[in-house]
Structures are given as structure tokens and as C-alpha cells.
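Worksheet: the structure to be examined is printed underneath.
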Amino acid sequence: QRPPRPAPRVLASMTTTAVTVALAPAAPRVAATRRHRQPAPNRRARAGVVAKAVEIEPDGVLDDMPEGAPSPPAPEPIAARTVSRAPLACPVSLQALDDAGYSPRNGLRYGKTDGIWDLTIGAATNARSSEPVSLRDLARSFLPPELRGLIPTSSYLGTSTFETPQVAFAYERGWRDSFARAGFPGPDEEFRLAQANLLPFAAGKCVVDASCGSGLFTRRFVKSGNYGCVVALDFSDAMLRQARTFATEEGLVDEVSSADEASNFMTSCSDLLFVRADIARIPMTSDSVGGVHAGAAIHCWPQPREAVAEIARVLEPGGAFCGTTFLTPQLPFADDETQQRVDAAMRELQAAVVGRAGGARGFRQWNKKDLRDLCVECGLVDFECDIRGGFIFFSARKPAGVA
């Protein structure tokens, strides 16, 4: 009897190889890597070369850039600036506050919440009632601070609209873009117009971005490095919160901490300050501000005459006030006086129909002569304007000889 024929050695070798491959642990797969080959002079040298792994950091930047690859763009530089102290004042006495927010004149003390100073009348921390005094106050007390704007404090539509958190959120996410239909040239061009009027007088001094909204121009003023201090001033707490969020994201201010909440004006309010205030009662000392900017703002002010008078008070002699707003529909072939009379008649008719000043919407469009007359009434000179469709940029200056 013949012995069984052994299996071919080749098959056994193949079987052993297959088992080895099946049991060997798979090499871990390296995610987010790029490989590039090193040049080799011949096939034998190439066989011994292992491709180098180029790891990518979590921020998407290559840890080891391949030769010849373009460098990532550098972050936008923030110009160096000389920091000056903001001339904040008690909104009641209009006298300077000390470094702790205390008014020696009347004993009122003011503080900040979430990095925002509240310098409205009635906001003194040592004189404010802790109990709700109205149904509106009671309802607001049940909401978190960031949502209290859902129940606005102002009854004027031009103000209350911007107290709501949804408008604050939408302002730079599409709302402001719609102004282009009226002729607004866009933030970059509007900022250029403002800079041309504020400088060089306001260089190194305090500048107020009045009715700053979400800080669209506040951030540009800070980044320019031209000013010693920028004050973002608005009545809307929701807008100021959004402005501070954007400034934090762009590295202009730090995250709010408990230590920051307890700090004083001098240490925490150096180059950018967020202040809740009434534009008709600006909490700053007289003759202390190098310039005031009010972008797309004056049409929302319930008391524009009082507001511009306050701006004239806080400006240093020689300081500039500039802003933008919506122009009234222009009558063909009408001079400034005729346009002014027609606009006044339309406002009176609107007030009579609606039964309250400000009309159905609570917003006011302006014409060139109304703006010029307003500035003259408040003691400002050298009025200039730039009209583009339904957009008007205007500026005036406090006389240099007035102190």
C-alpha cells in the first residue's frame, strides 16, 4: 500500500501566509494626514524610503508645511495705540466718577454686569429698588438677562425695536445689508468717511460710537489704533451684549470673569468700553471727548435735539460729530427750504393720523436743511454732508474757541 501523498509545499506556504495575514493586527489608520514622496535616484533607493507624514493641527494649519507650499495668511494686525481713560460721569450730576464708579457729588455708585456698564438714570447699585415696581418689571425679572429685551423698557418704537435680542442677533447677519437699497455705500466706505472727519483732531483721544448697535464701527475704530479709548454707547442691553460678543471673538476684549466684574474703570476699561446710556443724557464730563460717531442712528432717537445738544456738551472744543441716516424722498427741482417745508407738513400729517409724535413707525427720515439747522441750534459749526440716493453722511464741529 502506497503512503498518502503529501500536500504540495507551495500550498502549505500559501495557507500559512494567509493565516498570518488574517491574524496580524491591522496598522492604525492615521486621520488627517498628508503624505508626500521624497525624490529617489533609482528604484532600489526608493524602496527603502518611507513617506513622511505631515500632521495637521486641529486648527487646520499644517504642523510641517511641504517645501514650496504657500504660507497660511497672517491674522489681521491690530495697530498699536496709546490708551487713555474714558471720562465717565454720573448720569444725574454729570460729574466725573472715581475709579470705582462712585460719584462723590451725590453718593451714587454704578457698576457693570457681563462687562457692560449701566449708566442710565436709576441704575445706581446703591439706590435701585430690588423689587419689581410694575408688571413689566415683574415679567422681565423672570427672564435671563440676555432675553429681557423681549420685553423692551422703551415705549418708542425706534428704540424698543433694537432692544430685542432677535434684532441684535440679526443686525450684522443681514439686517444692515438691506440698507444698501436706500443708498448706504457699506461699512467700509462709511468708516472711511467717519475717519476723514474725526481725524486728525481725535487722534489719541476718547471717541464715542453713539448708538453703536452690534459694534459694527466700534471694532473698526479700535482696530485702527488711532484713538486712546473707544466707548461703545447704546441704550439697548441686547445690542451691547452682541457688540461685546463680536469684540471678544475678534480678540479686542477678554472673556468676562468674576475678577473683571469686580475691577474698576482704570484697569478694565482701557481701550474699549461698553456703556448702556441714554443718548439724551450722555454720562460723560463736559469738553472731554475727541469725537462722536452715530452711524445709522439719528432716525431712531426719540429726542434728537436733546441728543445733539448732549453731544455738543461732551465734545472738546474742535471735536467733530458725524453720522449717517436715511434721507427723505427728494422732490424734483425743489430747493432745501421747500423740501424742509414739505417734510414738516408730512410729519405733522403723520402725527395727526397716528396720534403721537414719530409717526406710525417711530422712525424719522431727515433732509439736509433739518440736519444743518439741528447742528446750528446746538452750537456746532462747519456743517458738511455727502448725499448718495437715500443716504446722507453729515458732519459738524464744535468751535475751537469754545471751552
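The values are calculated or read from the model by the stated rules, or taken from the named source; none is laboratory data. As the structure is a computational prediction, the values presented were derived from the model and not from experiment. Every residue, glycine as well, gets a Cβ built from its backbone with ideal geometry; the counts of neighbours run over all protein chains shown. Note: areas computed on protein heavy atoms with side chains; ligands, DNA, RNA excluded. Shrake-Rupley method; radii C 1.70, N 1.55, O 1.52, S 1.80 Å.
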**Nonlocal amide H pairs with residue 325, under 5 Å, H built at 1.01 Å** = 296, 392
**Message:** If the only charges are +1 at each Lys and Arg Cβ and -1 at each Asp and Glu Cβ, what is the size of the charge dipole of region 201-250 around the Cα centre, to the nearest 20 debye?
**Reply:** 160
**Asked** Residue by residue, what Karplus-based ³J(HN,Hα) values in Hz, rounded to whole numbers, does region 139-151 have, using 6.51, -1.76 and 1.60 with θ = phi - 60° and x for Gly and Pro?
**Response** 5, 5, 5, 7, 9, x, x, 6, 10, 5, x, 4, 10
**Asked** Counting Lys +1, Arg +1, Asp -1, Glu -1, what net charge surrounds residue 184 among other residues with beta carbon under 15 Å of its beta carbon?
**Response** -2
**Asked** Let a ≥ b ≥ c be the square roots of the eigenvalues of the Cα gyration tensor of region 182-242; is it rounded (a/c under 1.5), or, if not, prolate (a/b larger than b/c) or oblate?
**Response** oblate
**Message:** Just to be sure I understand the model, the point goes 7 Å from the Cα along the line to the Cβ. What's the resulting residue 248 to residue 126 distance in nm?
**Reply:** 2.9
**Request:** Would you mind checking which residues have amide H under 5 Å from residue 285's amide H? H placed 1.01 Å from N; only 5 or more apart, or other chain.
**Result:** 89
**Message:** For 234, 137, 188, give me the order by solvent-accessible area with a 1.4 Å probe, most accessible first, ignoring ligands, DNA and RNA.
**Reply:** 188, 137, 234
**Asked** How do 199, 240 stack up against each other in accessible area, from largest to smallest, with a 1.4 angstrom probe?
**Response** 199, 240
**Rounded Å value of the spacing that divides the Cα centres of region 288-320 and region 364-393** = 13
